[in-house]
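For reference, the structure discussed in these notes is given below.
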Amino acid sequence: MSEANVNDTERSFPPRLPESDRIQWHQMTANQRAIALARIEAFDGWLAKKQRIDDCVAASGLSKSRFYRLAAEWREMPCLNALGAQRGSGGGGKKLNSDAVNALQAVLPDLVRMNVDASVSQLGRLAIDAVKLRTESLPKTSRLRQMVEHEMRNQRSLTEAGTIIKFDMTAISLAQKNGRPFIMVCCIDAGTTALLGTAVIEEPLAQGSYKLVAENALTRIQGDLARLPWSDRFLEADMTSGVDLDASIEMVAHLDTQVRANVQRASSPKRFGKYIRDLVGTKLGKIYVTRARTQAGVALTNNKNMMPWSIEEARIAVKIATDEHNAKILAEGKLDGFASPPDDLLKLLSLLAD
């Protein structure tokens, strides 16, 4: 390497990286360093919520699932290993074709998801067939196998408990004395659709209600839900804002600075009950989800029976329906994940419950 190239490489060393990575930075190819710099910008842009997730994923050259995992590693400990840019092409090995790697990473998520029983080698062949690249452009067999295995781990983590969590609230078909519906608040695991925690309140307020849900979730996680297939990493929590928008904003901002996962806030006009509908459905046991009545309107009750419920009765009904929902998931699901929830998920729930 010429003196000019050495100086250029030295000047390009990112200040975010630890000093211990400097030697490895000099050993990387120019292409690897360019990928690393692009991923630093993409990860920082997403974590700071300054750029859209799709734009950041595209800039990183990663699949979305791998982007989430590497971004979480980068947030926890910024270093070259968290960028994944130097893997597979050391000083004396075959230079890795970045276009080939990007093409393979783009098709692997769908291939792994659609061929759950395929072996690593079969998935590798399917990926090669899908991208239609010349043989000389492809990574070595060992590198391709590593890419497939990595994506398989990513896919598995997204179906395990504790990777992505959704907090939501919605009106339900149980009437209060004033005719308004009670509000059911939930903490839902996106991977298994288990209800980690539920609560019943009278108005759609974030302040206080997510505390009740977190307390319930911590209790359930120590009980029957301890048998869920837990992931090794908590990546994201999405929280629906209550009508108390300022309190919702403050709560989410505080949590996002305290845990390594990304905490986001849903605040569109039609936000209420969206996560519940998408993950659990429009009915929980005998209780109907009536999203449109969360902010205003009278309860849409079962069989037009407007007999009011006490809040204690409503809480018992929701608890029974939640227990039945979770029992079905535990009976049907694969329970071969980690034995305990990710630490950051427990930390987030503890912060909310405190």
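Between helix 64-76 and the chain, what is the angle of the helix's C-alpha long axis to the longest principal axis, kept within 0 to 90° and rounded to the nearest 10?
Roughly 90 degrees, rounded to the nearest 10.
What percent antiparallel are the DSSP beta bridges of the chain, to the nearest 5? Provide the component values of the computation, followed by the final result.
Working: 18 of 28 bridges.
Just about 65 percent of them are antiparallel.
With charges set only on the Cβ (+1 for Lys and Arg, -1 for Asp and Glu), what does the dipole of the chain come to about its Cα centre, in debye to the nearest 20?
Values: 47 positive and 42 negative charges, 180 e Å.
Computed charge dipole of the chain: roughly 860 debye.
Which one, (1) 0.95; (2) 1.06; (3) 1.00, gives Rg/Rh (Cα atoms, Kirkwood Rh) as derived from the coordinates shown?
Of the listed options (1) 0.95; (2) 1.06; (3) 1.00, (2) comes from this structure.
Assign one of three labels to segment 216-339, namely rounded, prolate or oblate, based on the Cα gyration tensor with a ≥ b ≥ c the square roots of its eigenvalues; rounded applies when a/c is under 1.5, prolate when it is not and a/b is larger than b/c, and oblate otherwise. Write out the running numbers ahead of the final one.
On the way: a/c = 2.11, a/b = 1.15, b/c = 1.83.
Oblate.
Stretched out fully, how many nm does the piece from residue 323 to residue 49 gain, at 0.36 nm a residue minus the Cα gap? Spell out each step's value before the answer.
Details: separation 274, 0.36 × 274 = 98.64 nm, distance 3.62 nm.
Taking residue 323 through residue 49 to full extension adds about 95.0 nm, to one decimal.
So, counting K/R as plus one and D/E as minus one, what does the shell of residues with Cβ under 15 Å around residue 55 add up to?
Values: positive: 39, 49, 50, 52, 64; negative: 41, 44, 54.
Residues near residue 55 contribute +2 overall.
Multiply the residue gap between residue 76 and residue 311 by 0.36 nm, knock off their C-alpha separation, and tell me the result in nm, one decimal place.
Values: separation 235, 0.36 × 235 = 84.60 nm, distance 4.20 nm.
80.4 nm is the gain from fully extending residue 76 to residue 311.
Per residue of the chain, what 222 nm ellipticity follows from adding -39500 (n - 2.57) for every DSSP H run with n ≥ 4, rounded to the nearest 500? Please list the in-between numbers first.
Values: 14 runs with 172 residues, N = 354.
Value at 222 nm, helices only, nearest 500: -15000 deg cm²/dmol.
Taking the Cβ of residue 249 as the centre, find all other residues whose Cβ is under 12 Å away and add up their charges (Lys, Arg: +1; Asp, Glu: -1). Write down the numbers at each step before the final one.
Numbers: positive: 265; negative: 244, 246, 250, 256.
With Lys, Arg at +1 and Asp, Glu at -1, the neighbours total -3.
First measure r as the distance between the Cβ atoms of residue 142 and residue 227, then evaluate 1/(1 + (r/R0)^6) with R0 = 51 Å and state the FRET efficiency to the nearest 0.05.
In this case the efficiency is close to 0.90.
Can you list the residues, at least 5 places off or on another chain, whose amide H is less than 5 Å from the amide H of residue 262, using H built in the peptide plane?
Close amide H contacts, sequence-distant or interchain: 236, 237.
Explain nothing, just compute: Karplus ³J(HN,Hα) = 6.51 cos²θ - 1.76 cosθ + 1.60, θ = phi - 60°, for every residue of segment 270-281 in order, whole Hz, x for Gly and Pro.
9, 6, 4, x, 5, 5, 4, 4, 5, 9, 9, x
Take the alpha-carbon centre of segment 260-311, take the same for segment 209-245, and report the distance between them in whole Å.
Cα centres, segment 260-311 to segment 209-245: 17 Å.
Based on other C-beta atoms within 10 Å, arrange 316, 221 from fewest to most. Could you put the intermediate results ahead of the total?
Values: 316 13, 221 22.
Listed from fewest to most nearby Cβ atoms, that is 316, 221.
Once the other residues with Cβ under 13 Å from the Cβ of residue 271 are scored (Lys, Arg +1; Asp, Glu -1), what is the net sum?
Numbers: positive: 166, 265, 270, 274, 277, 291; negative: 168, 238, 278.
Here the count lands on +3.
What's the extension gain from residue 354 to residue 282 if we count 0.36 nm per residue and subtract their Cα-Cα distance? All intermediate terms of the calculation are to be shown ahead of the outcome.
On the way: separation 72, 0.36 × 72 = 25.92 nm, distance 3.10 nm.
Length gained between residue 354 and residue 282: 22.8 nm.
No value in this document is a laboratory result; all are computed from the given coordinates. Only a predicted model underlies this, so the values are computations on that prediction, with no experimental measurement involved. When we count neighbours, we look across all protein chains shown, and the Cβ atoms used for this are built from the backbone with ideal geometry, even at glycine.
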